[in-house]
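The structure appears right after this line, and notes come after that.
Please treat every number below as a calculation from the coordinates, not as lab data. Keep in mind it's a predicted model, so treat the numbers as computed, not measured. Using ideal geometry, Cβ is built from the backbone for each residue, glycine included, and neighbour counts are taken over all protein chains shown.
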């Protein structure tokens, strides 16, 4: 499933030239309609081919060659775009890269002739945008950080040069045809900024994200004013989704990256304890399938908040790879003129994009609102290519009913540490309309194709599986345990009843169980009702306490007697080990948060973990008590009556 492009291709494409910083003045992206893009190209092309510059005969040969290469490259791009981001597809992706490399080289070498013949700035931007999209698709397919950097570099170069902005501002000339072309270019710019936003969010470029959000809002306002008869309802919805997404993702400023960082997530004191598992069979996480399907879930384009968090949680934190030095030069090294449609983009990187000191990231198939049959087909494809020493992680965040209505009972106090008036809420489905033995993957309507049963996943247990099920019906998947067809599966199952989260709607911050697995410090704060910015020193102390807790949990788990071999064979994998430790933390926090012991309030794992890491164990309880005291929220927990 690795996209093996020729080694020289990325280097050639990156030897472009422009500033890689956004001067202060993103699934693939969800397009308003894929047919719209194709229709736009059909409408714009005749306008370009009939430009006055073309009729003089001067340079028209170069421009015709350029347009022919554009059409050929676009056909290859369409084939690569329509391929799934898992299993095969390398051939079409390589051909698309090769076509755009040739196209880019042509406009660099014959820039003056092409400009004289009528080459527009937005055409340069369109070519660079396609290259950025190819890099982003390559990142989704291979999880290579350098591909994500490549997408960011091209997008930032387009933005810095204003390729789309200048063309849209200038319109398309006089007459209705020119005005129509101007509108189409505005649509291109809107989609480009949305794509750029996804990449900037994945790279945690907070300042760039803030700037791009402002530009997207202002551009939409400008476009609505310039084209008052056009309906921009879908783009208004995109802005609303973006606002919800960023509010939830940025709830705790200064929080560290969700990616695996050796400085914070690896504990040197426990290396010897972990090494003892290497004497037996060891499985490595090399593939993952991530999907979520909930009503009214937080999302931007085709990336939901839950999968966005889990995606980052299964990647290494690059060490310097994202530090991009910027320098904009012309051929002779002087500052370039921003007024022309120059395609001379020379990007200089301060460090190697690839980090040889880190292992490869697990490859991930991210499925946006899949049908059950689509999900099963993807699992079958990936399992068929799974190596003998690999384990497949399946993450599903979904409702148990088509008519699920999340509860909305929260504290009304304005205090950031307000105690919830309603202790718990439940997402249980209506017993009269649905049972509790399945997940619902689909819109409202009858069951059948929309229902995922635990039995649907059992055939895949011929291979090693690590299942994370986040749903009020997660308990149903206990049926997989001891029913495997060859390999015992490891299961992490969410609570059935979710405690109320003060100051937010039940799904406004994503799933709570997923939040604990991907960002435990922020999840703890949210559960305790700390919704405002925390004092930096207090938060730093809390992070230190959590670091020590995870180190202690890891030591306790790895030295436990009677640890089931299902866990023993995956503990050496850093990503899976971190998920297990965070599960232990989540289970203990929820145990002490609830006033009464009830199995439905707690997450479950199968096979069972040793008693030494149970919530009542002193080594597990003490760090949580210290954390609550540091954040002054001990009154929210029930430590005294749960000895």
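Cα centroids of segment 243-273 and segment 510-527: 11 Å apart.
Remark: the residue 207-residue 266 segment gains 18.4 nm on full extension, using 0.36 nm per residue and subtracting the alpha carbon distance.
The alpha carbon gyration tensor of segment 206-302 gives principal lengths a ≥ b ≥ c with a/c of 1.5 or higher and a/b greater than b/c, which makes the shape prolate. Going from the fewest other Cβ atoms within 10 Å to the most, the residues 497, 530 appear in the order 497, 530.
Shape verdict for segment 536-643, please, from the Cα gyration tensor: rounded (a/c under 1.5), prolate (a/b greater than b/c) or oblate. Taking the square roots of the gyration eigenvalues as a ≥ b ≥ c, segment 536-643 is oblate. Subtracting the Cα-Cα distance of residue 456 and residue 357 from their residue separation scaled by 0.36 nm leaves 31.7 nm. Taking other C-beta atoms within 10 Å as the exposure proxy, 70, 282, 566, 153 rank 282, 566, 70, 153 from fewest upward. Averaged over residues, the count of other Cβ atoms within 10 Å places the peptides 536-549, 94-107 in the sequence 94-107, 536-549, highest first. If you take the Cα centroid of segment 613-643 and the Cα centroid of segment 357-385, the two points sit 38 Å apart. The ranking of 515, 155 from fewest to most other beta carbons within 10 Å of each one's beta carbon is 515, 155. If the segment from residue 632 to residue 388 were pulled out straight at 0.36 nm per residue, it would be longer than the present Cα-Cα gap by 83.0 nm.
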